[in-house]
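The values are calculated or read from the model by the stated rules, or taken from the named source; none is laboratory data. Everything quoted here is computed from the prediction, not taken from an experiment. Here Cβ is always computed from backbone atoms with ideal geometry, including for glycine, and neighbour counts include all displayed protein chains. Remember, those area values only see protein heavy atoms, side chains included, never the ligands or the DNA or RNA. Shrake-Rupley method; radii C 1.70, N 1.55, O 1.52, S 1.80 Å.
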Amino acid sequence: MKKHPVILLYILLSILVSCIFTGCGSARSRNIIFENSQEDVKPQVSLTFFGFKYEALNVTAIENSLHGFMDQYPDISISYDGIKNPPYFEILEKRLATGNGDDVFMLDHARVLELGRQGELADLSGLSTLGNFSELAKSQMTALDGIYYLPTSISAFGLYCNLDLLKEHGQEVPHNLAEFEQVCDYFAAEGITPIVANNDISLKTVVLAKCLLPYYSGAASGQIARFNDDPAALADTLRPGFQFVERMFTRRWVDREETQRTSKTKEDLAAFSKGDQPFMLTGVWAVPRLRDLNPDFEFEVYPYPILDDGSVLVINMDTRIGINANSRYPEEAKQFVEYLTQNDVMWEFVDSQSSFSPLKENRLAEDDAIQPVGPYLTNGRSVIGSDDNLLFPIWDLSRECIEGMLEGDDADTAVSHMEQLLTQ
């Protein structure tokens, strides 16, 4: 297969990105532009693809998909612009608001709700690849009146375990709440804060995992949408999760002040890689980045062992791809999204993110360290952190409540705050 040469691959300085698009803040960007190499074929359409994936491993997978797409459609050229989140969403919204939106872009749950209501997202109901997706993915994609995004991975969030440190102290990987309490209390008594947590996703995922499993299993499976008519009930349902986080602070399992200044997939990975603490709470997709830090110990990632009867895995439809409803080239943009969501093309991206495939195969990335989470996608013991059947951006709201707890709020205050946010 003939490859299209990359004519430009560079990293834009954060000040350039912020000055052009936002006027403030900082962000790293990677922009890839391809030009057709066949002299007798001149691209008639130029698409732009905007996303929050900028790490080399992810960008390589995206680059390969762009190559493959342009091999198949030589009359179309495409460029990718990747910027780190959270500045990404500020730039995305500004581009759309000023009529300069890209043809294809990455989304999260909150922006699907917001931009869908604003009519900024094209309906993808007619795409030919919809039949490839698993029932789990379809239950999310079809939750609204139309299909406004396609997921390209299913992310998971887990407990990173330093196996060498556990062995050194005669401790085991915990698999239920009693075991987790015992091992965390042991390390706390030894003067070691057992859990590395970050100020974004760590503790909010614990809250959701602690409380929502009954709405995803057994007779109540799929009943999460009932909270749309009773936000106060949702806030109260999350109470045991906020109480558990409060216990994590009071029992010195998590350092509140340290967590408040620890960013995800950066400071948390650096702290855990030192090998002084047995556990870390973050996304499974951070495994390749942790390996890049060359930790001098063996580690594995497990579901959260925070229930009396076992563990629970938090998952999300991730790296959602949407199409600008005002794109000049809607059909060509749909062709690209269809290409991106074919089995082989999608798998390279899934594997680069240490995630699950959203397709029927339910395939998990191949890294040995993440295999313990594999069975939990299909064994009835997983919850969806940002469920599309909820008409609230619960992912963002739970983070805001945890930020309050990091600043000193107790569990009751967090519940009241959540109810306020939901009713707004």
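Inspection of region 324-333 identifies no residue that is under 16 Å from the mean Cα position of the chain (by Cα) and either free of Cβ contacts under 8 Å to residues at least 24 places away in the same chain or buried (at least 23 other Cβ atoms within 10 Å of the Cβ) (or both).
The set of residues from region 150-181 being assigned to a loop (DSSP other than H, G, I, E, B) and either touching an Asp or Glu at 6+ places or on another chain (Cβ under 9 Å) or closer than 20 Å to L377 by Cβ (or both) comprises H169, E172, V173, P174, H175, N176. With respect to the conditions (1) without any contact (Cβ under 8 Å) to a residue 12 or more places away in the chain; (2) of a type outside the set (F, W, Y); (3) open to solvent by 60 Å² or more (accessible area, probe 1.4 Å), E419 falls short on a single one, namely (1).
When the residues of region 182-229 are filtered to those that are among the acidic types (D, E) and outside any loop (DSSP other than H, G, I, E, B), the one that is modelled with the lowest pLDDT is D229.
If you go through region 380-399 one residue at a time, do you hit one that is part of a strand (DSSP E or B), under 15 Å from the mean Cα position of the chain (by Cα), within 29 Å of G116 (Cβ to Cβ) and among the aliphatic types (A, V, I, L, M)? Checked region 380-399: at least one residue is part of a strand (DSSP E or B), under 15 Å from the mean Cα position of the chain (by Cα), within 29 Å of G116 (Cβ to Cβ) and among the aliphatic types (A, V, I, L, M).
Does region 284-297 include one or more residues that are in contact with a Pro (Cβ under 7 Å, 6 or more places away or on another chain) and closer than 20 Å to L165 by Cα? Can you show your working first?
Here is the first cut: in region 284-297, the ones in contact with a Pro (Cβ under 7 Å, 6 or more places away or on another chain) are none.
No, because not a single residue in region 284-297 is in contact with a Pro (Cβ under 7 Å, 6 or more places away or on another chain) and closer than 20 Å to L165 by Cα.
Taking region 334-351 only, how many residues are open to solvent by less than 10 Å² (accessible area, probe 1.4 Å) and farther than 20 Å from Q44 by Cα? Residues that pass the stated criteria total 3.
Would it be correct to say that D123 is surrounded by fewer than 18 Cβ atoms within 10 Å (Cβ to Cβ), in contact with a Phe, Trp or Tyr (Cβ under 7 Å, 6 or more places away or on another chain) and modelled with pLDDT of 95 or more? Talk me through it step by step, then tell me what you get.
Numbers: surrounded by fewer than 18 Cβ atoms within 10 Å (Cβ to Cβ): yes; in contact with a Phe, Trp or Tyr (Cβ under 7 Å, 6 or more places away or on another chain): yes; modelled with pLDDT of 95 or more: yes.
It is true that D123 is surrounded by fewer than 18 Cβ atoms within 10 Å (Cβ to Cβ), in contact with a Phe, Trp or Tyr (Cβ under 7 Å, 6 or more places away or on another chain) and modelled with pLDDT of 95 or more.
Looking across region 394-410, the residues that are of a type in the set (G, A, S) and surrounded by fewer than 20 Cβ atoms within 10 Å (Cβ to Cβ) come down to G404, G408. Restricted to region 69-100, and to residues that are open to solvent by 40 Å² or more (accessible area, probe 1.4 Å) and either assigned to a strand (DSSP E or B) or hydroxyl-bearing (S, T, Y) (or both), which residue is farthest from V345 (Cα to Cα)? Checked region 69-100; the qualifying residue farthest from V345 (Cα to Cα) is T98. F187 meets each of the listed conditions (1) open to solvent by less than 30 Å² (accessible area, probe 1.4 Å); (2) more than 22 Å from T265 (Cα to Cα); (3) in contact with a strand residue (DSSP E or B) (Cβ under 7 Å, 6 or more places away or on another chain) apart from (3). Does Q371 qualify as being polar (S, T, N, Q), modelled with pLDDT of 95 or more, open to solvent by 10 Å² or more (accessible area, probe 1.4 Å) and in contact with a Leu (Cβ under 9 Å, 6 or more places away or on another chain)? Spelling it out, Q371 is indeed polar (S, T, N, Q), modelled with pLDDT of 95 or more, open to solvent by 10 Å² or more (accessible area, probe 1.4 Å) and in contact with a Leu (Cβ under 9 Å, 6 or more places away or on another chain). The set of residues in region 107-120 being out of contact with any helix residue (DSSP H, G or I) (no Cβ under 8 Å at 6 or more places or on another chain) and open to solvent by less than 30 Å² (accessible area, probe 1.4 Å) consists of V112, L113, G116. For first residues located in region 116-127 and closer than 15 Å to A333 by Cβ, partners that are assigned to a loop (DSSP other than H, G, I, E, B) and of a type outside the set (K, R) and lie 6+ apart or on another chain with Cβ distances below 6 Å form the pairs E120/A325; L121/Y148; L121/A325; A122/A325; D123/G146; L124/I147; S125/G146; S125/I147. The test for being more than 23 Å from L166 (Cα to Cα), open to solvent by 10 Å² or more (accessible area, probe 1.4 Å) and not acidic (D, E) does not hold for T205. Testing M248 on (1) closer than 30 Å to Q424 by Cβ; (2) among the aliphatic types (A, V, I, L, M); (3) more than 22 Å from the chain's Cα centre (by Cα); (4) surrounded by fewer than 15 Cβ atoms within 10 Å (Cβ to Cβ), one condition comes back false. Which one is that? The number of the failed condition is (4). For the subset of region 310-343 comprising residues that are over 15 Å from L66 (Cβ atoms) and part of a helix (DSSP H, G or I), which member is modelled with the lowest pLDDT? Taking the candidates together, the pick is N343.
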